[in-house]
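Below: one structure, written as C-alpha cells.
The values are calculated or read from the model by the stated rules, or taken from the named source; none is laboratory data. In this text, all values refer to a predicted model and were calculated from it rather than measured experimentally. Using ideal geometry, Cβ is built from the backbone for each residue, glycine included, and neighbour counts are taken over all protein chains shown. Side chains included, ligands, DNA and RNA excluded: accessible areas come from the protein's heavy atoms. Shrake-Rupley method; radii C 1.70, N 1.55, O 1.52, S 1.80 Å.
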Amino acid sequence: MKILKNFLPLFLFFGIYLGSGIYYNDFYAVSPVVIAFGAVIFGIVYFKGSVNRNIDRFLKGAGNDKILTMCFIFFLSGVFSFITKEIGSVDYLVALILNHVTPSVLFIAFFVISCLISFALGTSVGTIVTLAPLLPGLAGENTDALILLSGSLLGGAMFGDNLSIISDTTIAATQTMGVKMSDKFKANGLIALTAAMITCALIYFNQPEFSSNITHQSNQSVVVLLPYIAIIILALCRLHVLVVLTISCLLAVIIALFQDMTFLSISKIMFDGMQSTFEISLLSLLIGGLSFLIEKNKGFENVLSLISKSKKPWVAVFSILSMITFINMTVANNTIALLICGPIARQISERFSLNKVRITSLLDIFSCITQGFIPYGAQVLILLTLINQKISFIDLVSKSYYLTILLIVSIIFIVFFMNKNEKRLVKTV
C-alpha cells in the first residue's frame, strides 16, 4: 500500500499512457511528454510539503548531471544519425552487402545488414524505416521468404537498439545506472554477439527455397563509413561518450563538406538532428525530476525494503528484470521504461552489491526483447505497415529468431555465469 501511495504520480502516468493508447488504438497518438508533464504537476501538488519545496526538488532532479549529460548525448546522437544518413553511409552499407550476396545467403546477409545499420544508426525504428521498403521486392511472391526477411529485420533492428552506443536505450540505461558506456558495451557485446551467431545458424537451416536478383545502387565510396568506424574505435578507447560523439560528428561534417554540401545545408541538417531528439530529451528531464520527487518521499526506500526481506541477490535481479518488462509492456517504449526503471535498479544494485555493469546490460537487453515482442510497439507496427500487412504479427515474431535466442542466452548467463569469479564493476560515467 505504501508503494502504491509513493508511486501514485508514476502510476498515473502509466494509466493515462496505457488508456490513451487503447482508446486511440495508437500508443504514439498522445505524446508521452504531455502525459509526463501532467504527472509532474500532480506529483508536486500531491506529495507532502509546500508546493515551492516540491518544485525545488523536481528542478534538482531534472538538473541532475546524469540527466543533463543524457540530454546532450541525445542531441549529438541525433546530429550524427542525420549527417551520416545525408552523406550516404546507410545506402553504401546496404549496397556493399546486398550487391555481393547470393540467394543462398540472402537471409543471413539481410540479418547482418539490419544489425550493422541499427548499430550504426542507434535506432531500431530508423533501421526498419530504412530497410522494410526493400522487403516486398526482395521476397517477390514468396510469403515464406517475406516472413523470414521481416523476422530477420526486426531482430537485427533490436540488436543495434540494444548494443549501439548512440542508441536511446543504451544512453538511458548507462546514465541512469551510472556506468561507463564502454563497460556496458563489452558486457552486452558478448551476449548479443553470441545470440547473433546462433541466429545466423538458425536462419541458414530454416530458409525457404528461394531465388532472386538483387541490386541496390549507391554512388558513394567507402569513405562514408569512416564515422561509423571512428565511433566504435573511440568508444573502445574508453573516451567519454560526449568526446566520442563530437569527434565522429566532426568527421561526418568534413566528409559532407568534401561532397560539396554547403555549411548552411549542413547546419540545417545538424539542427534537424537535434530537433529529432527533443521529445526524448524533454521526457528525460520530466521523468528525472519526478523520480527524484518520489525518491525524496521514500518511494525507492519502500521498494528496497520489500525486496531486501529475502536477502537473496537472485531475488533482486529477478525484481529488476520484472520491473523493466512490466513497465515496457505498459508504456510500449523501451527508452521511457529505462528512464523510469534505471534509478530504482541502481539503488537495488547498490543495496545488494550487484555488478552494476551486468545489471545495466540486462536491463537494456530485456527492455529491447520486450519491445520486440509486444504487438503494439512502434517497431512491429511500422514494419507491418511498410510491408502492407502481408504477414501477421504471429508470423513475424515466430521468425524473429534473434529475440528468442537473446532471451535464452541471457537467462543462461544469469543462471550460470553472472557474478561468478568476476570483479564487481561500479565505475561511473
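Looking only at region 300-351, residues that are in a helix (DSSP H, G or I) and either touching a strand residue (DSSP E or B) at 6+ places or on another chain (Cβ under 7 Å) or among the charged types (D, E, K, R) (or both) come to 4 in all. No other residue among V253, V223 is hydrophobic (A, V, I, L, M, F, W, C), surrounded by fewer than 18 Cβ atoms within 10 Å (Cβ to Cβ), over 30 Å from I348 (Cα atoms) and in contact (Cβ under 8 Å) with a residue 12 or more places away in the chain apart from V223.
Residues in region 194-208 that are more than 13 Å from V112 (Cβ to Cβ), in a helix (DSSP H, G or I) and touching a residue at least 60 places away in the same chain (Cβ under 8 Å): T194, A195, I198, L202.
In this structure, S392 does satisfy being farther than 30 Å from S305 by Cβ, without any contact (Cβ under 8 Å) to a residue 12 or more places away in the chain and open to solvent by 10 Å² or more (accessible area, probe 1.4 Å). Residues of region 252-309 being among the hydroxyl-bearing types (S, T, Y) and farther than 26 Å from N54 by Cβ, which ones? Of everything in region 252-309, those that are among the hydroxyl-bearing types (S, T, Y) and farther than 26 Å from N54 by Cβ turn out to be T262, S265, S267, S276, T277, S308.
Of the residues contained in region 153-165, one or more are found to be assigned to a loop (DSSP other than H, G, I, E, B) and closer than 20 Å to F75 by Cβ.
For the residues K60, K48, K66, the requirement of being open to solvent by 10 Å² or more (accessible area, probe 1.4 Å), on the phi < 0 side of the Ramachandran plot and assigned to a loop (DSSP other than H, G, I, E, B) singles out K48. Examine region 374-383 for a residue that is touching a helix residue (DSSP H, G or I) at 6+ places or on another chain (Cβ under 9 Å), surrounded by fewer than 23 Cβ atoms within 10 Å (Cβ to Cβ), at pLDDT below 85 and in a helix (DSSP H, G or I), and state whether such a residue exists. Looking for residues that are touching a helix residue (DSSP H, G or I) at 6+ places or on another chain (Cβ under 9 Å), surrounded by fewer than 23 Cβ atoms within 10 Å (Cβ to Cβ), at pLDDT below 85 and in a helix (DSSP H, G or I), one finds at least one in region 374-383, hence yes. Residue selection: I73 satisfies the criterion of being open to solvent by less than 10 Å² (accessible area, probe 1.4 Å) and under 20 Å from the mean Cα position of the chain (by Cα).
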